């Protein structure tokens, strides 16, 4: 472009700024500049991978341009996560942290310099973000695909310097337990003949390679929630959803605490055979949303809702709870509990008892005993456990390390805290599977020791049994894994994730009909189910020879999360069986690009499929599709 040539266009603009850069420079000028430059270099690489262009570096600020809102938001969140992980490795306080703002507006580009109202708007929005945070305008919010795994906190109308009209702003974060959508391939698919175009090596370098252990637990990658279109059969049953309790404390970082109380109530209610309880993943999608009880009831297929709030001040806690009939929106009861923190567990029990009484749920003797059991009597241990749960949900090396340390601290405060032992066992297993351990064999043995100890302490905890089954699964001790997970869903008939993990094992052992039944049960309990439910359902139909249905479910799984490779394996195999060779070979090419480790020789060594007939059929189909030997 000539220097005096101007280009006016509508663009997605990202503006990032280093928080407290002056303070960093005052501590050590040379080191601060080096680290800021390093952060911007890493950010620019991520921006480039998401098809963006870094237009300017202005001292302690960066300006980039994108064509799509989803690419800009994904790049921003991907950088914030990696930058937090990078900073966690530093031993001093010179740790560049960025605020990021993204807007849609008209800009002027000349000589690679970008100016205009769109840039200014992005800068003003960025100033509203927290350190390591991201804010976007309402225009960006409207442009984002609804299925993306982003949580948007509505900050309302904001007065921005230099703008006459107020601007609606949202704070964006990644949905808990999910991952950033990976960069898309640069090759375009315009016709069947274009399927044969070779993807460039530069595109390959941008692909996130997912290790093969996700065959065992695919939900450990990020997942995307999506509401099902079909009616949920729970509407005909005695059923309830527990919405996330509002955090009314002065500290917004205490959301984990109010969430923990909500989850514990879900856990308690899920143990009742005569009450269907919606999974956390589905009920928590209504966080900070102003929806009518009747509409939520229809969406989730439940007759009742429990909502409430938590306020923690000093050594006291106030919990409010309301039980609502979704058929008319009327409150069946509402109550406020003002107690000492040490009485918090008793309050949870009282809330559960009130629900059971109000809904006339018939309890067995075993259920009465289970509900009376308290996981821990130590509030401090409980608080640490909840913090560890948040760290573990990041599914990163740093997150696992932090979670393991925090679980250990909880155990030191209460050596009888069975759930903490089980949760630690799961985290250690995930560290091994992720390649984050220098002594994997030793850590795997320690994981089994912890899981068994947890089961000895509290054999009636469904979470403890799930953890035990999870550990056995990774040790390829499938019979013991099935036994533990069947015990888990027996103790907690509404345990959606228990059914999902059990279905995966059934799939691996060739028991596809059982897998279909289990995963459909999980879908009933988790209407906003994640991509791995569809993957499990699709591969079960492949095993049963229902190839058209398999293609349908596996395509849907990839639409929600195209990062994992295992849905594509069964998708291309289903295409082979249907005689759609072009589609099968195209999927094989895509798999070789995104997952080069998925060769036939490697898969034959590591596929966790114990049914030899199913295994041979899959390998044969993969070979027919042209997957690399």
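The values are calculated or read from the model by the stated rules, or taken from the named source; none is laboratory data. Worth saying up front: this structure is predicted, and the values here are computed from it rather than measured. Virtual Cβ from ideal backbone geometry, glycine too; neighbours counted across all protein chains shown.
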Counted residues in the stretch 570-599 being at pLDDT 90 or above and buried (at least 22 other Cβ atoms within 10 Å of the Cβ) come to 7
The condition from (1) in the same structural domain as residue 578 (by TED's automatic domain parsing); (2) over 29 Å from residue 302 (Cα atoms) that residue 559 misses is numbered (2)
Considering only the stretch 390-428, state which residues are farther than 23 Å from residue 89 by Cβ and assigned to a helix (DSSP H, G or I). 410, 411, 412, 413, 418, 419, 420, 421, 422, 423, 425, 426
Restricting attention to the stretch 517-533, does a residue exist that is at pLDDT 90 or above, assigned to a helix (DSSP H, G or I), over 20 Å from the mean Cα position of the chain (by Cα) and crowded, with 23+ Cβ neighbours inside 10 Å? yes
Residues of the stretch 131-175 being surrounded by fewer than 18 Cβ atoms within 10 Å (Cβ to Cβ), more than 14 Å from residue 70 (Cβ to Cβ) and free of Cβ contacts under 8 Å to residues at least 40 places away in the same chain, in sequence order, are 138, 155, 156, 157, 158, 159, 161, 164, 165, 166, 168
Among the candidates 478, 499, residue that is more than 23 Å from residue 282 (Cβ to Cβ) and in contact with a helix residue (DSSP H, G or I) (Cβ under 7 Å, 6 or more places away or on another chain): 478
Is at least one residue of the stretch 470-493 touching a strand residue (DSSP E or B) at 6+ places or on another chain (Cβ under 9 Å) and not in a helix (DSSP H, G or I)? yes
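Taking strands (runs of 3 or more DSSP E) that do not extend beyond the stretch 94-169, which have at least 2 residues that are under 27 Å from residue 39 (Cα atoms) and out of contact with any helix residue (DSSP H, G or I) (no Cβ under 9 Å at 6 or more places or on another chain)?
Filter on the stretch 94-169 gives 98-110, 113-115, 150-158.
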Restricting to the stretch 424-443, and then to whatever is under 17 Å from residue 407 (Cβ atoms) and free of Cβ contacts under 8 Å to residues at least 40 places away in the same chain, can you tell me which residue is farthest from the chain's Cα centre (by Cα)? 443
Mind listing just one residue for me: the one in the stretch 9-25 that is over 19 Å from residue 52 (Cβ atoms), outside any loop (DSSP other than H, G, I, E, B) and out of contact with any helix residue (DSSP H, G or I) (no Cβ under 8 Å at 6 or more places or on another chain) and, of those, modelled with the highest pLDDT? 23
With the condition kept exactly as written, say whether any residue in the stretch 244-255 is closer than 20 Å to residue 491 by Cα and either assigned by TED's automatic domain parsing to the domain that holds residue 344 or at pLDDT below 75 (or both). no
So which residues in the stretch 466-496 are buried (at least 24 other Cβ atoms within 10 Å of the Cβ) and closer than 17 Å to residue 263 by Cβ? 466, 467, 488, 492, 494, 495, 496
For the stretch 288-311, give me each residue that is part of a loop (DSSP other than H, G, I, E, B) and either over 16 Å from residue 526 (Cβ atoms) or without any contact (Cβ under 8 Å) to a residue 40 or more places away in the chain (or both). 288, 289, 290, 291, 292, 303
Every residue from the stretch 322-375 that is modelled with pLDDT of 75 or more, in a loop (DSSP other than H, G, I, E, B) and buried (at least 19 other Cβ atoms within 10 Å of the Cβ): 326
Take the residues in the stretch 546-589 that are without any contact (Cβ under 8 Å) to a residue 60 or more places away in the chain, farther than 18 Å from residue 503 by Cβ and not in a helix (DSSP H, G or I); name whichever of them is nearest to the chain's Cα centre (by Cα). 580
